[in-house]
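Engineer: Encoded as C-alpha coordinates, here's the structure I'll be asking about.
The values are calculated or read from the model by the stated rules, or taken from the named source; none is laboratory data. Computed from a predicted structure; not experimentally measured. Here the Cβ positions follow ideal geometry from the backbone for every residue, glycine too, while neighbour counts run over all protein chains shown.
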Amino acid sequence: MTPTKQAPSAERAPIALDVSSLRKEYRVRGAGRHVTLTAVDDVSFQIRPGETLALVGESGSGKSTIARCVTRLVEPTAGSVHIDGKPIIGISARQLSASYSDLQMVFQDPTSSLDPRMTVAATLDEPLRLHTRLDKEGRRARVAQLLADVELDESYLDRRPRQLSGGQRQRLSIARALAAEPKVILLDEPTASLDVSVRGQIIRLLKRLQVEHGLAYLFISHDLGVVRQMSDRVMVMYLGGIVEQGSTEEVFENPVHPYTKALLSAAPVVEYGREHDRLRLTGEIPSPMKVPAGCRLVGRCPIAEAACALKRPDLMLVTETHAVACPVSAPDAAPVLAVPVP
(Lines give C-alpha, C1' and ligand atoms only; values in the text may rest on other atoms or scores of the structure.)
Protein backbone atom coordinates (compact mmCIF):
# COMPACT_ATOMS: atom_id res chain seq x y z
CA MET A 1 0.00 0.00 0.00
CA THR A 2 1.10 3.57 -0.63
CA PRO A 3 2.40 5.02 2.64
CA THR A 4 0.59 8.16 3.66
CA LYS A 5 0.80 10.94 6.20
CA GLN A 6 -2.26 12.70 7.54
CA ALA A 7 -2.96 15.11 10.33
CA PRO A 8 -4.57 13.46 13.38
CA SER A 9 -8.04 14.69 12.42
CA ALA A 10 -7.62 13.33 8.87
CA GLU A 11 -6.72 9.86 10.18
CA ARG A 12 -10.29 9.42 11.39
CA ALA A 13 -11.81 10.75 8.18
CA PRO A 14 -13.00 8.51 5.33
CA ILE A 15 -11.00 8.34 2.13
CA ALA A 16 -12.26 10.91 -0.39
CA LEU A 17 -10.24 9.65 -3.37
CA ASP A 18 -8.89 6.10 -3.53
CA VAL A 19 -6.82 5.13 -6.58
CA SER A 20 -5.50 1.57 -6.72
CA SER A 21 -3.11 -0.05 -9.23
CA LEU A 22 -3.97 2.47 -11.94
CA ARG A 23 -2.53 1.71 -15.35
CA LYS A 24 -2.98 3.39 -18.71
CA GLU A 25 -1.57 1.98 -21.94
CA TYR A 26 -1.85 3.25 -25.50
CA ARG A 27 -1.30 1.29 -28.69
CA VAL A 28 0.69 3.51 -31.02
CA ARG A 29 2.50 2.98 -34.28
CA GLY A 30 6.26 3.27 -34.12
CA ALA A 31 9.11 1.98 -36.30
CA GLY A 32 6.63 0.46 -38.73
CA ARG A 33 4.72 -1.57 -36.12
CA HIS A 34 2.28 -1.11 -33.27
CA VAL A 35 3.86 -0.85 -29.83
CA THR A 36 2.49 -0.32 -26.32
CA LEU A 37 3.08 3.02 -24.64
CA THR A 38 2.61 2.85 -20.86
CA ALA A 39 1.66 6.33 -19.68
CA VAL A 40 0.78 5.32 -16.09
CA ASP A 41 2.23 2.20 -14.53
CA ASP A 42 0.63 0.71 -11.38
CA VAL A 43 0.00 3.91 -9.39
CA SER A 44 -1.88 3.86 -6.08
CA PHE A 45 -2.72 6.60 -3.60
CA GLN A 46 -5.42 7.88 -1.26
CA ILE A 47 -6.50 11.40 -0.32
CA ARG A 48 -8.66 12.27 2.66
CA PRO A 49 -10.96 15.29 3.17
CA GLY A 50 -9.01 18.44 3.87
CA GLU A 51 -5.79 17.02 2.41
CA THR A 52 -3.77 17.95 -0.68
CA LEU A 53 -1.65 15.43 -2.58
CA ALA A 54 0.66 16.96 -5.19
CA LEU A 55 1.88 15.12 -8.30
CA VAL A 56 5.19 16.47 -9.60
CA GLY A 57 7.51 15.49 -12.42
CA GLU A 58 8.63 16.52 -15.89
CA SER A 59 6.25 16.75 -18.82
CA GLY A 60 5.47 13.22 -19.95
CA SER A 61 5.77 11.72 -16.48
CA GLY A 62 2.09 10.73 -16.35
CA LYS A 63 0.64 13.37 -14.03
CA SER A 64 -2.09 14.67 -16.34
CA THR A 65 -2.89 11.15 -17.58
CA ILE A 66 -3.70 10.20 -13.98
CA ALA A 67 -6.08 13.16 -13.78
CA ARG A 68 -7.76 12.14 -17.05
CA CYS A 69 -8.15 8.55 -15.83
CA VAL A 70 -9.58 9.64 -12.48
CA THR A 71 -12.15 11.83 -14.25
CA ARG A 72 -12.77 9.17 -16.95
CA LEU A 73 -11.81 11.61 -19.70
CA VAL A 74 -9.79 8.59 -20.82
CA GLU A 75 -10.46 4.98 -19.90
CA PRO A 76 -7.81 3.34 -17.69
CA THR A 77 -6.37 0.04 -18.89
CA ALA A 78 -6.47 -1.39 -15.36
CA GLY A 79 -7.01 -0.38 -11.76
CA SER A 80 -9.79 1.15 -9.71
CA VAL A 81 -10.88 4.64 -8.68
CA HIS A 82 -13.33 5.35 -5.86
CA ILE A 83 -14.74 8.74 -4.87
CA ASP A 84 -16.13 8.74 -1.32
CA GLY A 85 -16.29 4.95 -1.53
CA LYS A 86 -18.16 4.87 -4.86
CA PRO A 87 -16.55 3.43 -8.02
CA ILE A 88 -15.82 5.67 -11.01
CA ILE A 89 -14.52 2.97 -13.35
CA GLY A 90 -16.85 0.33 -14.76
CA ILE A 91 -20.06 2.32 -14.34
CA SER A 92 -22.55 3.54 -16.93
CA ALA A 93 -22.46 6.98 -18.53
CA ARG A 94 -25.53 7.99 -16.52
CA GLN A 95 -23.93 6.88 -13.25
CA LEU A 96 -20.74 8.65 -14.21
CA SER A 97 -22.59 11.89 -14.87
CA ALA A 98 -24.10 11.68 -11.38
CA SER A 99 -20.65 11.02 -9.91
CA TYR A 100 -19.36 14.31 -11.26
CA SER A 101 -21.20 16.06 -8.44
CA ASP A 102 -18.53 14.55 -6.14
CA LEU A 103 -15.59 15.14 -8.49
CA GLN A 104 -14.70 18.39 -10.23
CA MET A 105 -11.65 19.76 -12.05
CA VAL A 106 -10.00 23.17 -12.34
CA PHE A 107 -7.79 23.54 -15.41
CA GLN A 108 -4.64 25.55 -16.09
CA ASP A 109 -6.27 27.84 -18.67
CA PRO A 110 -9.70 29.04 -17.50
CA THR A 111 -10.34 30.67 -20.88
CA SER A 112 -10.48 27.29 -22.62
CA SER A 113 -12.71 25.73 -19.95
CA LEU A 114 -15.33 28.50 -19.85
CA ASP A 115 -17.97 29.02 -22.55
CA PRO A 116 -17.28 32.51 -23.96
CA ARG A 117 -20.97 32.94 -24.81
CA MET A 118 -22.21 32.43 -21.25
CA THR A 119 -22.40 35.10 -18.59
CA VAL A 120 -20.99 34.52 -15.11
CA ALA A 121 -24.53 33.93 -13.85
CA ALA A 122 -25.26 31.31 -16.53
CA THR A 123 -21.87 29.64 -16.02
CA LEU A 124 -22.62 29.07 -12.33
CA ASP A 125 -26.29 28.25 -12.84
CA GLU A 126 -25.59 25.39 -15.26
CA PRO A 127 -23.98 22.93 -12.77
CA LEU A 128 -26.68 23.78 -10.23
CA ARG A 129 -29.36 22.75 -12.73
CA LEU A 130 -27.47 19.54 -13.53
CA HIS A 131 -26.48 18.42 -10.05
CA THR A 132 -28.96 19.93 -7.56
CA ARG A 133 -32.71 20.14 -7.06
CA LEU A 134 -32.72 23.85 -6.29
CA ASP A 135 -35.51 25.92 -7.83
CA LYS A 136 -34.81 29.15 -9.70
CA GLU A 137 -34.76 31.31 -6.58
CA GLY A 138 -32.59 28.80 -4.74
CA ARG A 139 -30.12 28.70 -7.63
CA ARG A 140 -29.96 32.49 -7.76
CA ALA A 141 -29.11 32.62 -4.06
CA ARG A 142 -26.54 29.85 -4.48
CA VAL A 143 -24.89 31.69 -7.40
CA ALA A 144 -24.53 34.79 -5.21
CA GLN A 145 -22.98 32.67 -2.46
CA LEU A 146 -20.54 31.03 -4.87
CA LEU A 147 -19.37 34.44 -6.04
CA ALA A 148 -18.87 35.52 -2.45
CA ASP A 149 -16.93 32.30 -1.75
CA VAL A 150 -14.37 33.22 -4.44
CA GLU A 151 -14.32 36.90 -3.44
CA LEU A 152 -16.26 38.31 -6.40
CA ASP A 153 -19.35 40.49 -6.01
CA GLU A 154 -22.66 40.41 -7.87
CA SER A 155 -21.58 43.17 -10.26
CA TYR A 156 -19.86 40.38 -12.24
CA LEU A 157 -23.06 38.41 -12.89
CA ASP A 158 -23.73 39.79 -16.38
CA ARG A 159 -20.12 39.72 -17.57
CA ARG A 160 -18.66 37.17 -19.95
CA PRO A 161 -15.23 35.53 -19.63
CA ARG A 162 -13.56 37.97 -22.06
CA GLN A 163 -14.57 40.83 -19.72
CA LEU A 164 -12.71 39.27 -16.79
CA SER A 165 -9.03 39.31 -15.89
CA GLY A 166 -7.07 36.06 -15.76
CA GLY A 167 -7.37 35.86 -12.00
CA GLN A 168 -11.11 36.59 -12.12
CA ARG A 169 -11.63 33.87 -14.74
CA GLN A 170 -9.81 31.38 -12.53
CA ARG A 171 -11.97 32.42 -9.57
CA LEU A 172 -15.03 31.78 -11.76
CA SER A 173 -13.68 28.32 -12.66
CA ILE A 174 -13.19 27.54 -8.98
CA ALA A 175 -16.69 28.76 -8.15
CA ARG A 176 -18.12 26.55 -10.90
CA ALA A 177 -16.22 23.56 -9.50
CA LEU A 178 -17.68 24.28 -6.04
CA ALA A 179 -21.27 24.56 -7.29
CA ALA A 180 -22.14 20.86 -6.94
CA GLU A 181 -20.45 20.62 -3.50
CA PRO A 182 -17.83 18.05 -4.58
CA LYS A 183 -15.75 15.85 -2.30
CA VAL A 184 -12.66 16.01 -4.55
CA ILE A 185 -11.25 18.71 -6.83
CA LEU A 186 -8.45 18.00 -9.31
CA LEU A 187 -6.28 21.06 -9.80
CA ASP A 188 -4.24 20.83 -13.00
CA GLU A 189 -1.65 23.65 -12.93
CA PRO A 190 -4.32 26.09 -11.68
CA THR A 191 -1.89 28.98 -11.16
CA ALA A 192 0.53 28.45 -14.06
CA SER A 193 -1.03 31.05 -16.37
CA LEU A 194 -1.34 33.76 -13.70
CA ASP A 195 0.88 36.65 -12.70
CA VAL A 196 2.92 36.09 -9.55
CA SER A 197 0.83 38.47 -7.42
CA VAL A 198 -2.44 36.89 -8.57
CA ARG A 199 -0.97 33.41 -8.09
CA GLY A 200 -0.56 34.05 -4.37
CA GLN A 201 -4.17 35.22 -4.10
CA ILE A 202 -5.47 32.06 -5.80
CA ILE A 203 -3.34 29.83 -3.57
CA ARG A 204 -4.72 31.51 -0.46
CA LEU A 205 -8.25 31.22 -1.86
CA LEU A 206 -7.87 27.50 -2.57
CA LYS A 207 -6.48 26.83 0.90
CA ARG A 208 -9.31 28.74 2.58
CA LEU A 209 -11.99 26.95 0.55
CA GLN A 210 -10.41 23.60 1.37
CA VAL A 211 -10.73 24.28 5.09
CA GLU A 212 -14.25 25.67 4.84
CA HIS A 213 -15.60 22.84 2.65
CA GLY A 214 -13.42 19.90 3.72
CA LEU A 215 -12.19 19.39 0.16
CA ALA A 216 -9.65 16.81 -0.99
CA TYR A 217 -7.28 18.20 -3.63
CA LEU A 218 -5.24 16.32 -6.20
CA PHE A 219 -2.79 19.04 -7.20
CA ILE A 220 -0.70 18.82 -10.39
CA SER A 221 2.07 21.35 -10.86
CA HIS A 222 5.56 21.93 -12.26
CA ASP A 223 6.09 24.81 -9.83
CA LEU A 224 7.80 23.35 -6.77
CA GLY A 225 7.38 26.61 -4.87
CA VAL A 226 3.60 26.38 -5.27
CA VAL A 227 3.68 22.67 -4.40
CA ARG A 228 5.54 23.49 -1.19
CA GLN A 229 2.84 26.01 -0.24
CA MET A 230 -0.18 23.94 -1.25
CA SER A 231 0.44 20.29 -0.48
CA ASP A 232 0.45 17.99 2.54
CA ARG A 233 2.04 15.11 0.62
CA VAL A 234 4.03 14.82 -2.60
CA MET A 235 4.30 12.03 -5.18
CA VAL A 236 7.22 12.35 -7.57
CA MET A 237 6.63 10.68 -10.94
CA TYR A 238 8.98 9.70 -13.75
CA LEU A 239 7.99 7.88 -16.95
CA GLY A 240 4.61 6.82 -15.57
CA GLY A 241 5.76 5.48 -12.20
CA ILE A 242 6.24 6.77 -8.66
CA VAL A 243 9.89 7.18 -7.67
CA GLU A 244 9.42 8.94 -4.33
CA GLN A 245 6.58 9.98 -2.05
CA GLY A 246 6.07 11.30 1.42
CA SER A 247 5.03 14.32 3.39
CA THR A 248 5.88 17.61 1.74
CA GLU A 249 8.38 18.40 4.48
CA GLU A 250 10.14 15.04 4.12
CA VAL A 251 10.42 15.18 0.34
CA PHE A 252 11.63 18.79 0.25
CA GLU A 253 13.92 18.64 3.28
CA ASN A 254 15.30 15.15 2.74
CA PRO A 255 14.96 14.09 -0.91
CA VAL A 256 16.36 10.60 -1.47
CA HIS A 257 15.80 9.57 -5.08
CA PRO A 258 18.28 11.06 -7.60
CA TYR A 259 15.39 12.27 -9.76
CA THR A 260 13.79 14.15 -6.85
CA LYS A 261 17.15 15.70 -6.01
CA ALA A 262 17.54 16.79 -9.62
CA LEU A 263 14.08 18.39 -9.66
CA LEU A 264 14.84 20.33 -6.50
CA SER A 265 18.26 21.32 -7.83
CA ALA A 266 16.66 22.69 -11.00
CA ALA A 267 14.13 24.84 -9.12
CA PRO A 268 15.21 28.52 -9.09
CA VAL A 269 14.31 28.92 -5.41
CA VAL A 270 12.71 26.17 -3.38
CA GLU A 271 13.19 27.89 -0.06
CA TYR A 272 14.89 31.20 0.63
CA GLY A 273 18.22 30.80 2.34
CA ARG A 274 18.44 27.07 1.65
CA GLU A 275 20.00 25.08 -1.16
CA HIS A 276 20.14 21.33 -1.64
CA ASP A 277 23.20 19.61 -3.04
CA ARG A 278 23.20 20.19 -6.78
CA LEU A 279 22.54 17.08 -8.85
CA ARG A 280 22.28 17.13 -12.63
CA LEU A 281 20.85 14.41 -14.83
CA THR A 282 22.43 13.65 -18.17
CA GLY A 283 20.46 13.40 -21.41
CA GLU A 284 16.75 13.83 -22.01
CA ILE A 285 13.74 11.96 -20.67
CA PRO A 286 13.36 8.89 -22.94
CA SER A 287 10.31 8.13 -25.04
CA PRO A 288 7.50 6.33 -23.17
CA MET A 289 7.79 3.73 -25.96
CA LYS A 290 11.35 2.98 -24.85
CA VAL A 291 11.06 2.72 -21.09
CA PRO A 292 14.09 0.86 -19.63
CA ALA A 293 13.44 -2.65 -18.32
CA GLY A 294 15.06 -1.85 -14.97
CA CYS A 295 15.01 1.48 -13.17
CA ARG A 296 13.32 4.08 -15.35
CA LEU A 297 16.08 6.59 -14.62
CA VAL A 298 19.02 4.27 -15.32
CA GLY A 299 20.17 5.98 -18.52
CA ARG A 300 20.35 9.43 -16.90
CA CYS A 301 21.30 8.65 -13.30
CA PRO A 302 24.76 9.62 -12.00
CA ILE A 303 24.75 6.93 -9.27
CA ALA A 304 23.34 4.02 -11.31
CA GLU A 305 24.88 0.59 -10.80
CA ALA A 306 24.83 -2.44 -13.11
CA ALA A 307 21.95 -4.01 -11.17
CA CYS A 308 19.78 -0.93 -11.79
CA ALA A 309 19.36 -1.93 -15.44
CA LEU A 310 18.14 -5.44 -14.58
CA LYS A 311 15.20 -5.04 -12.19
CA ARG A 312 12.71 -2.26 -11.62
CA PRO A 313 12.97 -1.19 -7.97
CA ASP A 314 9.92 -1.28 -5.72
CA LEU A 315 9.00 1.52 -3.36
CA MET A 316 10.81 1.05 -0.05
CA LEU A 317 10.21 2.85 3.24
CA VAL A 318 12.87 5.31 4.34
CA THR A 319 10.68 6.36 7.27
CA GLU A 320 7.17 5.35 8.25
CA THR A 321 5.73 7.94 5.84
CA HIS A 322 8.49 8.40 3.26
CA ALA A 323 9.08 5.90 0.43
CA VAL A 324 11.58 5.78 -2.42
CA ALA A 325 12.22 3.46 -5.36
CA CYS A 326 16.04 3.49 -5.27
CA PRO A 327 18.02 0.81 -3.38
CA VAL A 328 21.28 2.61 -4.20
CA SER A 329 20.21 5.82 -2.43
CA ALA A 330 18.40 3.98 0.38
CA PRO A 331 20.12 0.60 0.92
CA ASP A 332 18.63 0.21 4.40
CA ALA A 333 15.03 0.99 3.41
CA ALA A 334 12.30 -1.49 4.38
CA PRO A 335 9.68 -3.02 2.08
CA VAL A 336 6.32 -1.25 1.84
CA LEU A 337 3.86 -3.51 3.59
CA ALA A 338 0.18 -3.80 2.68
CA VAL A 339 -1.50 -2.64 5.89
CA PRO A 340 -5.12 -1.58 6.49
CA VAL A 341 -5.91 2.07 5.82
CA PRO A 342 -6.51 3.80 9.20
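Engineer: Scan (1) of a type outside the set (A, V, I, L, M, F, W, C); (2) at pLDDT below 95; (3) touching a strand residue (DSSP E or B) at 6+ places or on another chain (Cβ under 7 Å) for the single condition ARG300 breaks and write down its number.
Structural biologist: (3)
Engineer: Which of (1) surrounded by 18 or more Cβ atoms within 10 Å (Cβ to Cβ); (2) within 17 Å of PRO182 (Cβ to Cβ) does HIS82 not meet, given it meets every other one?
Structural biologist: Failed condition: (1).
Engineer: On to the next question. Please go through (1) of a type outside the set (Ser, Thr, Tyr); (2) over 29 Å from GLU58 (Cα atoms); (3) surrounded by 15 or more Cβ atoms within 10 Å (Cβ to Cβ) for GLU212 and return the number of the only condition it doesn't satisfy.
Structural biologist: With respect to (1) of a type outside the set (Ser, Thr, Tyr); (2) over 29 Å from GLU58 (Cα atoms); (3) surrounded by 15 or more Cβ atoms within 10 Å (Cβ to Cβ), GLU212 is out only on (3).
Engineer: Still on this structure, I have one more. Just the residues that are acidic (Asp, Glu) and over 24 Å from PHE219 (Cα atoms), please, taken from the stretch 129-181.
Structural biologist: In the first step, residues of the stretch 129-181 are kept if they are acidic (Asp, Glu); the result is 135, 137, 149, 151, 153-154, 158, 181.
Result: ASP135, GLU137, ASP153, GLU154, ASP158.
Engineer: Looking only at the stretch 303-335, filter to residues that are crowded, with 17+ Cβ neighbours inside 10 Å and among the β-branched types (Val, Ile, Thr); which one of those is modelled with the lowest pLDDT?
Structural biologist: VAL318
Engineer: Condition first: of a type in the set (Lys, Arg) and either outside the structural domain of ALA323 (by TED's automatic domain parsing) or assigned to a strand (DSSP E or B) (or both). Now tell me which residues in the stretch 20-52 satisfy that.
Structural biologist: Residues of the stretch 20-52 of a type in the set (Lys, Arg): 23-24, 27, 29, 33, 48.
ARG23, LYS24, ARG27, ARG29, ARG33 - these are the residues of the stretch 20-52 that are of a type in the set (Lys, Arg) and either outside the structural domain of ALA323 (by TED's automatic domain parsing) or assigned to a strand (DSSP E or B) (or both).
Engineer: Then there's this: In contact with a Pro (Cβ under 8 Å, 6 or more places away or on another chain) and over 15 Å from ALA54 (Cα atoms): which single residue out of GLY200, GLY246, GLY214 fits that description?
Structural biologist: One residue alone meets the criteria, GLY214.
Engineer: So which pairs qualify, if the first residue must be in the stretch 292-310 and not assigned by TED's automatic domain parsing to the domain that holds CYS326 and charged (D, E, K, R), the second must be surrounded by 13 or more Cβ atoms within 10 Å (Cβ to Cβ) and at pLDDT below 90, the Cβ gap must be under 6 Å, and the two must be at least 6 apart or on different chains?
Structural biologist: Within 6 Å, the pairs are ARG300/LEU281.
Engineer: Looking at (1) over 26 Å from SER193 (Cα atoms); (2) assigned to a helix (DSSP H, G or I); (3) of a type outside the set (A, V, I, L, M, F, W, C); (4) without any contact (Cβ under 8 Å) to a residue 60 or more places away in the chain, can you tell me which one PRO255 breaks?
Structural biologist: PRO255 satisfies every listed condition except (2).
Engineer: Still on this structure: Which residue out of ARG171, ARG199, ARG204 is part of a helix (DSSP H, G or I), free of Cβ contacts under 8 Å to residues at least 24 places away in the same chain and under 27 Å from ILE66 (Cα atoms)?
Structural biologist: After ruling out the rest, the residue left standing is ARG204.
Engineer: While we're on this one: Filter the helices (runs of 4 or more DSSP H) completely within the stretch 53-143 down to those with at least 3 residues that are at pLDDT below 95 and closer than 30 Å to PRO286 by Cα. Can you show your working first?
Structural biologist: On the way: elements: 63-70, 93-99, 110-113, 120-131.
Fully inside the stretch 53-143 and qualifying: 63-70.
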